[in-house]
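Scroll down for the structure; my scribbles are underneath it.
Each value in this text was obtained by applying a stated rule to the coordinates, not by laboratory testing. Because the structure is predicted, anything quoted here is derived from the model rather than measured.
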Amino acid sequence: MRVIGPILLLLTLFSIVIIPRFGDKEPPQPISGEISLRESGEYSAANSAGRLLTPGADVPDPVEISPEVVLLTDPAPFVENPAILMAVRDVEAVEQGAPELAGLIYLLHRWRVGFEVPAAREAPRASEIAETSQLLRGTRLRMVLTLIENPQPRNLAENSSGLTKIWEVFGSDSDGHLHRVDFIRKPKNLPRGADVVLEGDFLRLYRYRTLAGMDAMVPQWVAETLEPYQSPFVRKGNQLLPLWVIGILAVGTLLLLLMIQHRGPRPSSPRRRRS
């Protein structure tokens, strides 16, 4: 009993304290294959009506990938200029022109210098964004996306922010609508299929022609980075339940053995003979 008791107690403490620390250390595994995307300038000027792209639709081909890594220069001071965002176009921009590129650089520069803006609020649905795009332009919003591809690098021309390369990725929201995100800093371990938190500035409705020959558009966002998302309802409160059950059973068994040891066999009393 003196040997079994301490062993059970040590096993219980090991199961409750040590094992949970190694339970969530496994990094996410990347998913093989990519859905590749890129901008396309082949549009029909006669067809100005766009539609929100869903994951089942065609997506553009991959952007140009450059393995070069260039040190960033110090950015110029950020100066607010609402006229830059007011000039940005949505579905009427058959091709991304100078106003759209200027708006992208403007929001990237605002992110890089850390310029303070009103706190991010929950993003509306994609259909509501399409209806109020001009009012939302430059507004900081928050949403959860599921990546449909690995982040792709894009090269930038010389600009005031000093950025030479940014990252681009497409993801789907809870309604199945696609969103395009351009961001500065690529985090680690964000494979295709990962859920991420987007806190970004709305730029415009990005429009192009799908491989099936249909006009499509997705909301385009500008952000500093993307953070992994963990649902508060997944494995919350129950992940340690099996270990606690094992611990309770082990402690109960130990107490039972100790009680049996101290109690010992009862002495038998002699029976009296009847006269």
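For region 104-176, rounded, prolate or oblate, judged on the Cα gyration tensor with a ≥ b ≥ c (square roots of eigenvalues), a/c < 1.5 rounded, else prolate if a/b > b/c? Verdict is oblate for region 104-176.
The string of couplings for region 105-112 from the Karplus curve (6.51, -1.76, 1.60, θ = phi - 60°) is 4, 4, 6, 4, 5, 4, 5, 5 Hz, one whole number per residue in order, with x for Gly and Pro.
Shape call for region 82-228 from the C-alpha gyration tensor, a ≥ b ≥ c root eigenvalues: rounded (a/c under 1.5), prolate (a/b greater than b/c) or oblate?
Taking the square roots of the gyration eigenvalues as a ≥ b ≥ c, region 82-228 is rounded.
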